[in-house]
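What follows is a set of notes on a single structure, which appears directly below.
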Ligand SMILES: [Zn+2]
């Protein structure tokens with residue numbers, strides 16, 4: 001059965017602290033990831049192609065992948081965007097709209113470094129050149145801790161702002177922290193979103209609910225072969241398989 005993967009990134013920068021390693025992928029590493037994907041025969045697709053796949057049964061290419069970024073960090077423009085353009089790879093950026101033009105305030109409680117977020121000027125520039133934008137709520141809350149009315153407000157306000165600013169319908173969403181209940185996904189649908197990304201790991205196929213898409217989380221220190229393994233097995237943490245690499249390398253060297 002045809003399946004595709006959605007890769008999840010956050011910052012494309014050198015990590016400033018150990019805590020950031022999981023979320024900050026150095027630009028050079030990011031470029032190597034893309035080179036590996038293309039040279040391994042993976043085909044880049046957009047979030048709109050995924051929407052069409054679920055809503056209109058429009059087929060996707062074999063080995064399709066989507067690049068997604070959560071939160072809307074400024075480095076998505078300054079570091080990731082030029083690389084994506086160089087390789088003609090589309091992407092979707094999920095914006096926490098309350099932080100646009102500001103910093104990652106919601107992360108400061110978690111002792112993360114302060115980082116700049118995208119501005120509307122940067123977002124509009126990318127939107128006119130093949131990058132899609134989705135909502136990631138206004139204030140990046142844990143949606144499972146809010147009552148339904150407040151969840152809907154977070155969804156509708158952020159969707160509306162993106163539509164007002166970009167002049168196009170905002171049909172895509174990503175759950176902050178990947179947290180959701182069945183009810184949350186219903187509210188996402190009622191707000192008018194057609195696709196929504198979770199942080200559950202694994203592949204997607206026709207049987208997947210387009211409002212609970214799965215993703216592979218890419219860490220800043222994932223080497224290309226590690227990323228390859230993660231995609232191969234549909235896992236965020238493929239470390240269980242890593243010893244195999246050493247065994248096969250030893251075996252190969254013995255045979256060679
Ligand atoms: Zn987030």
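The values are calculated or read from the model by the stated rules, or taken from the named source; none is laboratory data. The model shown is predicted, which means the values in this text are computed figures rather than measured ones. Cβ atoms come from the backbone with ideal geometry, glycine included; neighbour counts cover every protein chain shown.
Here are some notes:
- Within the stretch 19-37, if we keep just the residues that are farther than 22 Å from residue 213 by Cβ and touching a strand residue (DSSP E or B) at 6+ places or on another chain (Cβ under 8 Å), the residue that is surrounded by the most Cβ atoms within 10 Å (Cβ to Cβ) turns out to be 24.
- Tally of residues being out of contact with any helix residue (DSSP H, G or I) (no Cβ under 8 Å at 6 or more places or on another chain) and on the phi > 0 side of the Ramachandran plot across the stretch 176-194: 2
- Between 229, 211, the distinction of being part of a helix (DSSP H, G or I), over 23 Å from residue 108 (Cα atoms), free of Cβ contacts under 8 Å to residues at least 60 places away in the same chain and away from the ligand (no atom under 16 Å from the Cβ) belongs to 229 only.
- Taken over the stretch 85-100, the criterion of being away from the ligand (no atom under 15 Å from the Cβ) and either outside any loop (DSSP other than H, G, I, E, B) or farther than 27 Å from residue 180 by Cα (or both) is satisfied by 85, 86, 87, 88, 89, 91.
- Residues of the stretch 9-56 classified as assigned to a helix (DSSP H, G or I), touching a residue at least 24 places away in the same chain (Cβ under 8 Å) and within 20 Å of residue 228 (Cα to Cα), total: 11
- Breaking point among (1) within 15 Å of the ligand (Cβ to nearest atom); (2) closer than 18 Å to residue 97 by Cα; (3) under 16 Å from the mean Cα position of the chain (by Cα); (4) buried (at least 17 other Cβ atoms within 10 Å of the Cβ), for residue 155: (3)
- Considering 43, 16, the condition of being surrounded by fewer than 18 Cβ atoms within 10 Å (Cβ to Cβ) and modelled with pLDDT under 95 is satisfied by 16 alone.
- None of 179, 155, 118 is free of Cβ contacts under 8 Å to residues at least 40 places away in the same chain and closer than 14 Å to residue 70 by Cα except 179.
- Qualifying residues in the stretch 163-183 (those that are crowded, with 21+ Cβ neighbours inside 10 Å and within 16 Å of the ligand (Cβ to nearest atom)) - the one nearest to the chain's Cα centre (by Cα): 174
- Checking each residue in the stretch 184-197 for being within 18 Å of the chain's Cα centre (by Cα) and outside any strand (DSSP E or B) picks out 185, 188, 193, 194.
- For the stretch 51-79, residues that are within 16 Å of the ligand (Cβ to nearest atom) and under 16 Å from residue 35 (Cα atoms) total 1.
- Checking residue 82 against (1) more than 16 Å from the ligand (Cβ to nearest atom); (2) without any contact (Cβ under 8 Å) to a residue 60 or more places away in the chain; (3) under 21 Å from residue 168 (Cα atoms), the condition it does not meet: (3)
- Checking each residue in the stretch 109-149 for being away from the ligand (no atom under 14 Å from the Cβ) and modelled with pLDDT under 95 picks out 111, 113, 114, 130.
- Boolean, residue 125 is in contact (Cβ under 8 Å) with a residue 40 or more places away in the chain and in a loop (DSSP other than H, G, I, E, B): no
- For residue 197: the one exception among (1) within 13 Å of the ligand (Cβ to nearest atom); (2) more than 21 Å from residue 131 (Cα to Cα); (3) surrounded by 18 or more Cβ atoms within 10 Å (Cβ to Cβ): (2)
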